[in-house]
Amino acid sequence: MASFNKVILMGNLTRDPETRVTATGLTICKLGLAVSRVYSTKDGERKEETTFVDIDAFGKQAEVITKYMRKGKAIHVEGRLKLDQWEGNDGQKRSKLGVVLENFQFVGGRDDGDSSSGSSYEKSSPPARESKPASSTEDSLDDDVPF
């Protein structure tokens with residue numbers, strides 16, 4: 001039996017990441033992602049539908065997401081579907097489809113929220129390079145190359 005389980009989503013976090021560390025030292029991060037779809041009806045009316053997806057991240061990826069992501073930030077996620085099943089307090093069987101994160105990318109630019117002192121990225125970046133004029137040796141080599 002052939003099967004393939006891959007999910008690719010891009011959206012915004014609905015809440016700050018919820019992180020915990022297990023007794024064995026594994027970091028687990030739970031995210032809520034809102035993914036929107038905009039479409040037009042037959043009457044030309046513009047509609048938007050939003051799907052909310054729960055995502056679980058583990059290990060180093062969970063640590064990085066916890067450090068840099070906050071509610072409202074955009075993220076691109078690749079993962080696999082996983083069905084969670086449990087019995088509720090009322091004895092009813094329950095289930096929920098979620099995503100286990102396998103890979104991700106941050107979307108958008110840096111925004112530390114503190115514009116008065118500049119970003120930490122700018123403070124830690126090396127100085128800009130100065131352009132150097134080409135030497136006469138390099139110029140003469142370029143002139144001899146046949147095209």
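The table below lists the values:
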quantity: In region 6-67, the trypsin sites (Lys or Arg not before Pro) that fall in loop regions by DSSP, at most 13 other Cβ within 10 Å; calculated: Lys6, Arg15, Lys42
quantity: Extension reserve of the Ser36-Arg80 stretch, reckoned as 0.36 nm per residue once the Cα distance is removed; calculated: 13.9 nm
quantity: Region 18-95, relative contact order in percent, only Cα pairs under 8 angstrom and at least six apart counted; calculated: 24 percent
quantity: Cα convex hull of region 7-110, projected area averaged across orientations, nm²; calculated: 9.4 nm²
quantity: Listed residue pairs exceeding 25 Å between alpha carbons, taken from Lys6/Lys47; Lys71/Lys96; Lys6/Lys60; Lys30/Lys82; Lys67/Lys93; calculated: Lys6/Lys47; Lys67/Lys93
quantity: Cα-only Debye scattering, region 73-113: base-10 log of I(q)/I(0) at q = 0.17 Å⁻¹; calculated: -0.64
quantity: Length gained when the stretch Leu26-Ser3 is fully extended (0.36 nm per residue, less Cα-Cα span); calculated: 5.4 nm
quantity: Scattering profile of region 54-95 at q = 0.23, 0.30, 0.32 Å⁻¹ [log10 I(q)/I(0), Debye over alpha-carbon scatterers]; calculated: -0.85, -1.12, -1.21
quantity: For a label point 7 Å along the Cα-to-beta-carbon line of Thr19, residues of region 58-91 with backbone N under 19 Å; calculated: 58-78
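FYI, it's all coordinate maths here, none of it is from the lab. Treat the numbers as computed from the prediction; the structure is a model and nothing was measured. Virtual Cβ from ideal backbone geometry, glycine too; neighbours counted across all protein chains shown.
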